[in-house]
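Written out below as structure tokens is the structure these notes cover.
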Amino acid sequence: MDPKENAAQGDELTAVPTPHELARDAMDGSAIPVETVDSAGTENSSETLAERIAATALQGGIRVGVAESLTSGAIASTLGAASDAGEWFSGGIVAYRPEVKFDVLGVPPGPVITATAAQRMASGCARVLASTATVAVTGAGGPGPQEGQRAGTVFIAVRTEHDETVQQCWFPGDPRTVVMKTVEAALELLATTLENAASGASRSAE
């Protein structure tokens, strides 16, 4: 990549709200961990990531749930096709319109492309589906900006019984590409979170 082009992309990334700005958006005032990533995506396919999640969930007796906005059920369908999904996958909620996020998942009325919205979608999903681990995604799929966020801006939240993480991403490309990258990133974050928790539990038991 041309260095000038790379620098230009870096300049664009600075326009994304800072973690401190996003943390102030939280209703309860607590800090929300946010990681900003670029368009690199993941090396693993969605199917491979789903199998990693299946293995960890089965071993740990974890029930997984999904709340999706811009991906419109793509994460849930990928997890549902993984091994023994009936044993560990609770299901998914497609909350595309803001009203569904507000009324079903308990997202506070207001902007929905935020770290707080993703966080509340994950906690609402856990409540509705009785899941012990949930992943939620919300964002501007494109082709144009939404709520002042440029196309490709995505927030991914993963919630477990012991931890909660919100990751901020930016994926350039057409809407189909943004959805594909969002699915991969969400599955990667969920897989890594579950595996790290399982590893920590194993060390504690030793």
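The values are calculated or read from the model by the stated rules, or taken from the named source; none is laboratory data. This structure is a prediction, so every number in the text was calculated from the model and none was measured. Quick reminder, even Gly has a Cβ in these numbers, built from the backbone with ideal geometry, and neighbours come from all protein chains shown. For accessibility, only protein heavy atoms count, side chains too; no ligands or nucleic acids. Shrake-Rupley method; radii C 1.70, N 1.55, O 1.52, S 1.80 Å.
Brief remarks follow.
- Residues that are crowded, with 21+ Cβ neighbours inside 10 Å, of a type in the set (Gly, Ala, Ser), within 14 Å of residue 65 (Cβ to Cβ) and within 14 Å of the chain's Cα centre (by Cα) occur in segment 183-198; there is at least one.
- Filter result for residue 107 (surrounded by 24 or more Cβ atoms within 10 Å (Cβ to Cβ), of a type outside the set (Lys, Arg), within 16 Å of the chain's Cα centre (by Cα) and within 18 Å of residue 178 (Cα to Cα)): no
- Scope segment 72-81; condition open to solvent by 10 Å² or more (accessible area, probe 1.4 Å) and either of a type in the set (S, T, N, Q) or in contact with a strand residue (DSSP E or B) (Cβ under 9 Å, 6 or more places away or on another chain) (or both); matching residues: 72, 73, 74, 76, 77, 78, 80
- Criterion (in contact with a Gly (Cβ under 7 Å, 6 or more places away or on another chain), open to solvent by 50 Å² or more (accessible area, probe 1.4 Å) and touching a residue at least 12 places away in the same chain (Cβ under 8 Å)) met by exactly one of 94, 66: 94
- Segment 50-63 - residue that is in contact with a Leu (Cβ under 9 Å, 6 or more places away or on another chain) and in a helix (DSSP H, G or I) and, of those, surrounded by the most Cβ atoms within 10 Å (Cβ to Cβ): 53
- Residue in segment 65-78 that is farther than 16 Å from residue 136 by Cα and not in a strand (DSSP E or B) present: no
- Just one of (1) open to solvent by less than 50 Å² (accessible area, probe 1.4 Å); (2) at pLDDT below 95 fails for residue 156. It is (2).
- Scanning segment 136-159 for residues being assigned to a strand (DSSP E or B) and over 17 Å from residue 68 (Cα atoms) gives a total of 1.
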